[in-house]
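Okay, so here's the structure we're looking at.
What follows draws every value from the coordinates through simple rules; no lab data is involved. Everything numeric here is computed off the predicted structure, so don't read it as measured data. So basically every Cβ, Gly included, is an ideal-geometry build from the backbone, and we count neighbours across all protein chains shown.
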Amino acid sequence: MSAEEEKEFVVRDRRGVTGSDRASMPSPAAPDAQPHQQAAPSEPHQGSGIPVTFSSFVISLGSSSMMLMGEQIDPHQPPMPANLPQAKDIIDLLSVLEQKTIGNLTTDEQTVLRDMLYALRMKYVSVTAK
């Protein structure tokens, strides 16, 4: 393949690019098109209002596991049917995360993960004992 043929093939990642940014990008058919760096989204946490942190990630997984064990997190939503194998998979995932992050978490993050695992394990045991 010649150097000229390589110049004609340009990959552009346009995910997260707004319409006005896309209009300013060179056309894919343009032979001397320069690669365009992806524009940073103007609002990375649009809509949620909660920053994504390790603790919020653990809490999100824990809430999902609780719901899969039949716990009704939001009283305004109908209860989900229990799915214990999937709930156990999330508990196991958090256990692996606990083992793989030893020495790399803050005290608060360790506490959130340890407490979440304890609560999930106790709930799982009580649900499976019935």
Direction-averaged shadow area of the convex hull around the Cα atoms of the range 54-129, nm²?
5.1
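Based on the Cβ-Cβ distance of Ser64 and Leu84, what FRET efficiency does E = 1/(1 + (r/R0)^6) give at R0 = 22 Å, to the nearest 0.05? Display every interim value, and only then the final one.
Numbers: r = 13 Å, r/R0 = 0.60.
It comes out at approximately 0.95.
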Run the simple label-point estimate for Asp92 and Arg114 please: 7 Å along Cα→C-beta, distance reported in nm.
2.5
Starting from the Cα of Ser56, step 7 Å toward the Cβ, then list every residue of the range 100-115 with an amide N under 18 Å from that point.
106, 108-110, 112-113
